[in-house]
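Notes follow the structure.
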Amino acid sequence: MIYNEFLLKRYEEMLGSRFKEFLEASRKPLPKYIRVNTLRIRPKELRRRLEEKGFELKKVMDYCFLVKKAPISIGATTEYLLGYYFLQDYSSLFPTINLDPKPGEIVWDMCAAPGGKTTHLAQLMKNQGVIVATDVRKVKSLWYNVMRMGVTNVIIYQRDAREVKYKFDKILLDAPCTGTGILRRDPTRVRVKLRDIRKASSLQKELMKTAYENLKEGGTLVYSTCSLEPEENEEVVEYALSLGFELKRAIGGEEGLLKGTVRIWPFESSGFFIAKLVRPCE
Amino acid sequence: MRIRGKEFKVTKEMKEVIRELGEPYAAGIYMEFPSLHALITSQVNFPRVFVDDHAEQLFLYGRDVFLRSIIRKEADEGIVIICNKRGEPLGFGKFGKRLIKNIADLGMYLREED
Ligand SMILES: C[S@@+](CC[C@H](N)C(=O)[O-])C[C@H]1O[C@@H](n2cnc3c(N)ncnc32)[C@H](O)[C@@H]1O
């Protein structure tokens, strides 16, 4: 079992009668999805090319496919090297979709590496406007992904997000977290304890405060984690509300424990939490 | 603009942001030859050489191109862009006597990450 007793007890409490379904899902490997890079190719065209090579795909969204059958590793095709798609869980598309960035805006991706969401943002912005992408680590892999996908509107900083001072139109805070929603993919994190959760939560709140200070009035922030723990999710959003943020309804899955937020349990895809917040005008 | 001693192509908007936030790690389009970023965003101008499927695979593994796998070419010497039969750019090569030497190819992203 990939979850420890401590975590299982929490999920049983939150899920009630669906806990059994959760346990069953946790024994299966996580399905693989690809996000088509519409900056470089049309989804239909990519699908045709991969199917010619023996891949079986199922469309789950305009530009996202579930990989049902793969004759070779999906990360080893020419199309992958050409930057035509990114391996990305379906649920992790929704933070970016909720932020809804527009061409011409100045957007901050606070915790950007390795760039799954940065390159998705660029695709929705049609490579126009500016994305500032910061991370304390792994900026090289972030940069490589940006280059491979043909993204041209990103500025990368290897910097602690808490040291940035600017006023952005929109901000994505895809926060560092305990990752309990992606244990099916990354089982190295099985040892998560309450202490880890509390520690993550306090960093998340600090980042939330920074986000508030760096967001224009009327600007939108999307907060997301791949954690299932309320301390890292709903509790951080409650803190955001105390700073002055207003909560808007997010899309992408069932409602979280807080009205308007989204909580995706790891049934079909990795677990995610998403909240959409607006900094009101004074 | 120069960033950490390398050339990048950035927009006016990006420059304004950089002026406030300081020197970044990277920005816009990496222009230093042989940049694959510049290649796939159509920033470079070299004659093209189109190669067959087999050569495409090998080239993306970092290998050179044998002259017999060339389908069509726009030059016989110097630096060229290696394209597959569809015309998609795969990297840069340099003509030698018996082969086109691999200077840089898109497979590098994978090889360097490992
Ligand atoms: C969930 S991951 C981000 C995934 C990324 N958004 C994507 O879609 O590919 C969280 C990231 O936060 C970074 N991080 C941790 N503390 C940070 C800080 N104080 N400032 C900026 N980034 C930080 C970590 O290095 C890690 O890469």
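Among the residues of region A:191-220, those identified as without any contact (Cβ under 8 Å) to a residue 60 or more places away in the chain and hydrophobic (A, V, I, L, M, F, W, C) are A:Ile197, A:Ala200, A:Leu203, A:Met208. Are any residues in region B:5-44 part of a loop (DSSP other than H, G, I, E, B), closer than 20 Å to A:Arg148 by Cβ and open to solvent by 90 Å² or more (accessible area, probe 1.4 Å), and if so, which ones? Once the filter is applied, which keeps residues that are part of a loop (DSSP other than H, G, I, E, B), closer than 20 Å to A:Arg148 by Cβ and open to solvent by 90 Å² or more (accessible area, probe 1.4 Å), region B:5-44 yields B:Phe33, B:Ser42. Selection of helices (runs of 4 or more DSSP H) fully inside region A:110-220 by the criterion of at least 2 residues being more than 14 Å from chain B (Cβ to nearest Cβ) and within 12 Å of the ligand (Cβ to nearest atom) returns A:116-124, A:194-213. A count restricted to region A:216-253 and to residues that are touching a Phe, Trp or Tyr at 6+ places or on another chain (Cβ under 6 Å) and more than 28 Å from A:Ser269 (Cα to Cα) stands at 1.
Would you mind stating whether B:Lys85 is modelled with pLDDT under 95 and not in a strand (DSSP E or B)? When the stated conditions are applied, B:Lys85 does not pass them. Within region A:116-129, residues that are on the phi > 0 side of the Ramachandran plot have Cβ atoms under 9 Å from residues that are of a type in the set (Asp, Glu) in these pairs: A:Gly129/A:Glu105; A:Gly129/A:Asp169; A:Gly129/B:Glu13, counting only partners at least 6 apart in sequence or on another chain.
Residues satisfying the criterion are present in region A:265-275 (criterion: of a type in the set (A, V, I, L, M, F, W, C) and assigned to a loop (DSSP other than H, G, I, E, B)).
The values are calculated or read from the model by the stated rules, or taken from the named source; none is laboratory data. Note that the structure is a prediction, hence the values are computed from the model and not measured. Glycine also receives a Cβ, built like all others from the backbone with ideal geometry; neighbour counts cover every protein chain displayed. The protein model used for the area step is the full one, side chains on, heavy atoms only, and it has no ligands, DNA or RNA in it. Shrake-Rupley method; radii C 1.70, N 1.55, O 1.52, S 1.80 Å.
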